[in-house]
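For reference, the structure is listed below as structure tokens.
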Amino acid sequence: MAPIAPILDKALAGIRLTQSDALALLASDDWTTIVAAGHRKRLGMHDPGTVSYTAYRVVNYTNFCDVDCSFCSFKDEIESDRGYTLTLEQIAAKTEDALGLGVDTIFLQGGVNPKLPLSYYVDALRMLSGKYHVHVRGFSPIELLRLAQKENLPLPELLIILKEAGLGSVPGAGAEVLTARMREILSPKKLSAADWCRVMGECHKLGLPGSSNIVFGSVETREDVAEHLSAIRDQQDRTGGFLAFIPWTFQPQTKKFTVRHVRGWEYLRLIAVARLFLDNIPNIEVSVLGMGKDLGELALYAGANDINSIVIEENVLRSSGLKTLGAARKFIREAGFTPKRRTLGYEFGRYPEEEAVGSTAPTHAP
């Protein structure tokens, strides 16, 4: 097994790691040393005393889908009488509920429904941005590409239409694991790794930034994970639109999909490796929603500087997360940091009434 000390020294000195370096770290059992290095790197990049957070409401606007991901239990077949597509009135009601809770960001996420016309998306975006003045993040790369194909539009032209209607940013949804082997296992009808990156790049070039992620905890190998991280970093070099990286874990949804137990230290090691390897992505988010509060707190000492909460109405993942803005602030303070609310674009100062005072973070790993 390759020694990891020279690799960690490189990362902490600001020297870019190679994919082979990432693979060596992912193969190492010395996770505490890797986590400590990830935390040191985070402390040099962000205010040591603060952890940022945001809040958004997920609106799953349709669950009709023809992509057939092996791990998904959310979808219904296109001709099913059990599926749904929300009306504009229903989307408006969910938005008004969110605004009443102090949440001014809507995340539109749905299945790939070939029966929905472009006008449905445009009308929803215009309503959300025009009437309610909320930031709208929406649409995975497969949703965007399939819509462009259905409407016989070049992808950049579709993105311009959606942006002018009110789309503000895009998620890194549908990445899962960006290797040919894992794409075939997880979702052979979905985009290839190269096409996923291409669509995200077109979004970035047109001023639609967003997030990137990985979903692991099935039959992926450490080689798959290292290749995935390299694909994300390479795309960031090209178009620079990833504001954050978030590791998620697969959750058991279908009997036909293998989900393995991800040990807590394995998740923390990946948080740290992401912080050390993704030198061109500013923020690492911990998924309190998926990993729970105890592990989420430890991840803030492993390289993460942000928590991926609050998520209102999540229908795809079983939530272990935080339900209110107050709960998020309490969680961050109890972890030893000062909470700082941000927008999805990592802008601060929009919520001055929530600027917290008080605790200062320790400057070393516990």
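The values are calculated or read from the model by the stated rules, or taken from the named source; none is laboratory data. The model shown is predicted, which means the values in this text are computed figures rather than measured ones. When we count neighbours, we look across all protein chains shown, and the Cβ atoms used for this are built from the backbone with ideal geometry, even at glycine.
Okay, here's what the table says:
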{"quantity": "Failed item, numbered, when D29 is tested on (1) surrounded by fewer than 19 Cβ atoms within 10 Å (Cβ to Cβ); (2) assigned to a helix (DSSP H, G or I); (3) not hydroxyl-bearing (S, T, Y)", "calculated": "(2)"}
{"quantity": "The lone exception for G174 - which of (1) part of a loop (DSSP other than H, G, I, E, B); (2) in contact (Cβ under 8 Å) with a residue 60 or more places away in the chain it fails", "calculated": "(2)"}
{"quantity": "Of all residues making up segment 113-127, the number that are in contact with a Leu (Cβ under 8 Å, 6 or more places away or on another chain) and of a type in the set (S, T, Y)", "calculated": "1"}
{"quantity": "Candidate set: segment 167-185, residues that are of a type in the set (A, V, I, L, M) and under 18 Å from the mean Cα position of the chain (by Cα); chosen: the one surrounded by the fewest Cβ atoms within 10 Å (Cβ to Cβ)", "calculated": "A173"}
{"quantity": "When residues of segment 314-336 are limited to those that are part of a loop (DSSP other than H, G, I, E, B) and touching a helix residue (DSSP H, G or I) at 6+ places or on another chain (Cβ under 7 Å), the one modelled with the highest pLDDT", "calculated": "L322"}
{"quantity": "S309 being modelled with pLDDT under 90, surrounded by 18 or more Cβ atoms within 10 Å (Cβ to Cβ), at negative phi and part of a loop (DSSP other than H, G, I, E, B)", "calculated": "yes"}
{"quantity": "Residues located in segment 124-141, provided they are part of a strand (DSSP E or B) and surrounded by fewer than 23 Cβ atoms within 10 Å (Cβ to Cβ)", "calculated": "H135"}
{"quantity": "Sole exception among (1) at pLDDT 95 or above; (2) of a type in the set (G, A, S); (3) closer than 26 Å to L229 by Cβ for G345, by number", "calculated": "(1)"}
{"quantity": "The one condition in (1) within 19 Å of the chain's Cα centre (by Cα); (2) buried (at least 18 other Cβ atoms within 10 Å of the Cβ) that L159 fails to fulfil", "calculated": "(1)"}
{"quantity": "Cross-chain or 6+ apart pairs with Cβ under 6 Å, segment 333-351 first and surrounded by 16 or more Cβ atoms within 10 Å (Cβ to Cβ), then aromatic (F, W, Y) and not in a strand (DSSP E or B)", "calculated": "R341/Y351"}
{"quantity": "All positions within segment 106-123 that are touching a helix residue (DSSP H, G or I) at 6+ places or on another chain (Cβ under 6 Å), more than 14 Å from V170 (Cβ to Cβ) and buried (at least 18 other Cβ atoms within 10 Å of the Cβ)", "calculated": "V112"}
{"quantity": "Residues being modelled with pLDDT of 90 or more and part of a loop (DSSP other than H, G, I, E, B) - total across segment 74-100", "calculated": "2"}
{"quantity": "Test: residue in segment 279-287 that is of a type outside the set (S, T, Y), touching an Asp or Glu at 6+ places or on another chain (Cβ under 9 Å) and under 20 Å from K10 (Cβ atoms)", "calculated": "yes"}
{"quantity": "Number of the condition not met by T258 [criteria: (1) under 22 Å from I185 (Cα atoms); (2) touching a Leu at 6+ places or on another chain (Cβ under 7 Å)]", "calculated": "(2)"}
{"quantity": "Matching residues in segment 12-26 - criterion: being part of a helix (DSSP H, G or I), of a type outside the set (G, A, S) and within 17 Å of L229 (Cβ to Cβ)", "calculated": "Q19, D21, L23, L25, L26"}
{"quantity": "Search result, residues across segment 282-306 that are at pLDDT below 90 and β-branched (V, I, T)", "calculated": "V288"}
{"quantity": "Some residue of segment 163-172 being more than 15 Å from Y121 (Cα to Cα) and at pLDDT below 90", "calculated": "yes"}
{"quantity": "Any hit, segment 163-170, residues being in a loop (DSSP other than H, G, I, E, B) and farther than 30 Å from D21 by Cα", "calculated": "yes"}
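Here's the yes/no breakdown for (1) aliphatic (A, V, I, L, M); (2) closer than 11 Å to A272 by Cβ:
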position	(1), (2)
K10	no, no
G14	no, no
T18	no, no
D21	no, no
A36	yes, yes
K41	no, yes
S52	no, no
V58	yes, no
